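The values are calculated or read from the model by the stated rules, or taken from the named source; none is laboratory data. Just so it is clear, the model here is predicted, and its values are computed rather than measured. Counting neighbours? That spans all protein chains shown, and the Cβs are built from the backbone with ideal geometry, glycine included.
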């Protein structure tokens, strides 16, 4: 039965088992790597000794891949760990570095410096024509096309930022005026206060400063309060 892994994939799994431990592979990958080791005569990670025999060269290159070599074996919790180095070709020659280490920064090409931007030439702005003048700051009553909030929209925004806090929003109202405002708020006809009774609690109370008059009290309700 053909293996579902290519030789390149099996070689990568083999190097992972050497550097990180055999436990990093799942059962299917372990079986595939074991069969690959038997076929290519590689030492099985964590099972067969990976130390270099006395008669072998000091730094043997792994068979089938001249860019890798076994340097030393160190014990870890999951079994013996083999330090594997990879070959790096540089202008100064060929050298081996630890495969677990990232690429050396000095091997990366240096970025080209950005060209200097020319300084803008000074511009003589001249003077404003007759009838024009500079102001020290922007006038507060200037109309620049920005839509301003109405009084009711401003009240709604502040109350929505403080849910559960009632506030007097109108004073000196007749009873009919106060009841009409409460009705419009609860029915949702007041566009500045969306949601109607589900979001707003509105009531009227006697105006303590004006006899026979009423105030309108409004409160923005949270979801928990709105369902009570």
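Things worth noting here:
- Selection count where residues are under 22 Å from residue 206 (Cβ atoms) and not in a strand (DSSP E or B), scope segment 162-177: 6
- For segment 178-196, the set of residues classified as part of a helix (DSSP H, G or I) and touching a residue at least 12 places away in the same chain (Cβ under 8 Å) consists of 178, 179, 181, 182, 185, 186, listed by residue number.
- Test for residue 170: is it without any contact (Cβ under 8 Å) to a residue 60 or more places away in the chain and under 42 Å from the mean Cα position of the chain (by Cα): no
- Whichever residue in segment 106-161 is surrounded by 10 or more Cβ atoms within 10 Å (Cβ to Cβ) and assigned to a loop (DSSP other than H, G, I, E, B) and, among such residues, is modelled with the lowest pLDDT: 149
- Residue in segment 169-189 that is surrounded by 13 or more Cβ atoms within 10 Å (Cβ to Cβ), in the same structural domain as residue 220 (by TED's automatic domain parsing) and at pLDDT below 90 present: yes
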